[in-house]
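Participant: My questions all concern the structure below.
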Amino acid sequence: MADQEDDLILSDLPDDELVPQMQDDLYDGMKEEIVEGVNILLERGWTPYDILTKALVGGMTVVGNDFRDGILFVPEVLMAANAMKAGMAILKPLLVETGAPRMGRMVIGTVKGDIHDIGQNLVTMMMEGAGFEVKNIGINNPAEDYIAALKDFDADILGMSALLTTTMPYMKIVIDQLKEQGLRDDYIVLVGGAPLNEEFGRAIGADAYCRDAAVAVETAKDFIARKHNQAAS
Ligand code: B1M
């Protein structure tokens, strides 16, 4: 089995075998193979977006399910996450390099107590690819860090990410702080992360819940267009 693995030449595989192989490699945290696979798909004319969603995010979903079911543990998941990040690092400049007009400015980060950052990094890339300027403030952010970044960056949009049921309520604390400081109406507040849903987004007073990075881009565009229309009328 190990010999067969050693003999595998990724570039010899057709797309319909390469993508599942990359998902296996992601599962096994094989960073170099992920980098090679991403480059092969790019050479074959795949769009960066399709590589992200089909090969990388698809693979991470399997990792997530097995983590949930106790088949994988934190060290393995970290290796998978590192392999995913290596693939994303190649795709990021390609997604950004669209020459799209500047759409608006966003601050994004994961909330206090939460260190998951793959999803919000993906949202950052997709937003930048769509022409937004994004300040990604990373993980474990208290309300004051979001608010300071919003002011410093002169942002239009606040994006918050949470992956844990225990950290998602912190989003409401940030929104409440904005309200207390009379700033809530200055920003479009978008929230996302696997445990959230639309109802939660409404309940905490966000403007919208975004299921994935593509929805985040469309929602942000929609709100920015509305803001510009209001300003014009
Ligand atoms: Co964590 N983890 N984890 N983990 N982890 C989950 C979230 C979990 C669901 C796994 C499981 O049990 N099935 C579970 C949460 C259970 C719950 O709360 N109900 C869990 C747990 C329990 C934990 C620990 C507590 C484990 C432990 O220590 N015992 C611990 C928590 C640490 C902490 O945060 N304080 C922990 C740690 C870790 C690692 C460090 C090992 C690693 C994170 C590495 C990293 O991010 N750098 C990790 C990972 C990788 C995961 C899973 C497997 C994958 C998450 C991911 O990256 N998904 C995850 C299982 C899962 O989600 N299926 C799991 C891929 C990513 C592209 O999707 O983040 O959903 P996602 O982002 C999407 C959308 O949600 C949306 O767009 C993105 C792109 O389409 N989106 C936004 C996200 N944020 C947005 C913001 C927006 C808009 C859209 O703003 C505008």
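Participant: Give the lysines whose C-alpha is closer than 28 Å to that of residue 112, dropping any in the same chain fewer than 8 places away, or say none.
Facilitator: Correct list for residue 112: 85, 92, 135, 151, 172, 179, 221.
Participant: Just the accessible area per residue of the chain, please: how many Å² with a 1.4 Å probe? Provide the component values of the computation, followed by the final result.
Facilitator: Working: 11830 Å² over 233 residues.
Ligands and nucleic acids excluded, the result is 51 Å² per residue.
Participant: Counting each DSSP H run of 4 or more residues in the chain as -39500 (n - 2.57), what helix-only mean residue ellipticity at 222 nm follows after dividing by all residues, to the nearest 500 deg cm²/dmol?
Facilitator: Using -39500 (n - 2.57) per qualifying helix, the result is -17000 deg cm²/dmol.
Participant: I'd like the distance between the alpha-carbon centres of region 189-226 and region 1-80, rounded to an integer number of Å.
Facilitator: 29 Å
Participant: Can you work out the Karplus-derived ³J(HN,Hα) for every residue in region 30-45? Use 6.51 cos²θ - 1.76 cosθ + 1.60 with θ = phi - 60°, whole Hz, and x for glycine or proline.
Facilitator: 8, 4, 5, 5, 5, 4, 5, x, 4, 5, 5, 5, 4, 4, 7, x
Participant: What residues qualify as long-range amide H neighbours of residue 134, i.e. H under 5 Å apart, gap of 5 or more or another chain, H built at 1.01 Å from N?
Facilitator: Amide H neighbours of residue 134: 106.
Participant: Quote the relative contact order of the chain in percent (integer), defining contacts as alpha-carbon pairs under 8 Å separated by 6+ residues.
Facilitator: Rounded, it is 15 percent for the chain.
Participant: Quick one: Karplus J couplings for region 111-121, per residue in order, coefficients 6.51, -1.76, 1.60, θ = phi - 60°, nearest Hz, x for Gly and Pro?
Facilitator: Whole-Hz 3J(HN,Hα) from phi for region 111-121: 6, 3, x, 10, 10, 6, 10, 5, x, 6, 5.
Participant: As a test of reading the structure, rank 54, 172 by solvent-accessible area (1.4 Å probe, protein chains only), most first.
Facilitator: Final ranking, largest accessible area leading: 54, 172.
Participant: Could you tell me what percent of the accessible area of the chain is made up of carbon and sulfur, with a 1.4 Å probe and every protein chain present?
Facilitator: 53 percent
Participant: Can you report the principal axis dimensions of the chain using only the alpha carbons, biggest first, rounded to whole angstrom?
Facilitator: Sorted largest first, the three principal extents are 64, 40, 28 Å.
Participant: With θ set to phi - 60°, apply the Karplus curve 6.51 cos²θ - 1.76 cosθ + 1.60 along region 60-76 and write out the HN-Hα couplings as whole Hz, x wherever there is a Gly or Pro.
Facilitator: With the stated coefficients, region 60-76 comes to 5, 5, 5, 4, x, 5, 6, 5, 4, 8, x, 8, 10, 10, 3, x, 5 Hz.
Participant: Could you put 145, 185, 25 in order of accessible surface area, largest first, with the 1.4 Å probe and the full protein assembly present?
Facilitator: In descending accessible area the options line up as 185, 145, 25.
Participant: Check which residues have an amide H placed less than 5 Å from residue 8's amide H, if you skip close sequence neighbours.
Facilitator: Under 5 Å from the amide H of residue 8: no residue qualifies.
Participant: Which log10 I(q)/I(0) values does region 179-233 give at q = 0.13, 0.15, 0.17 Å⁻¹ under the Debye formula, counting every alpha carbon as one identical point scatterer?
Facilitator: The computed values of log10 I(q)/I(0) come out as -0.36, -0.48, -0.60.
The values are calculated or read from the model by the stated rules, or taken from the named source; none is laboratory data. Remember, predicted model here, so these are calculated numbers, not experimental data. Heavy atoms of the whole protein, side chains included, go into the accessibility calculation; ligands, DNA and RNA do not. Shrake-Rupley method; radii C 1.70, N 1.55, O 1.52, S 1.80 Å.
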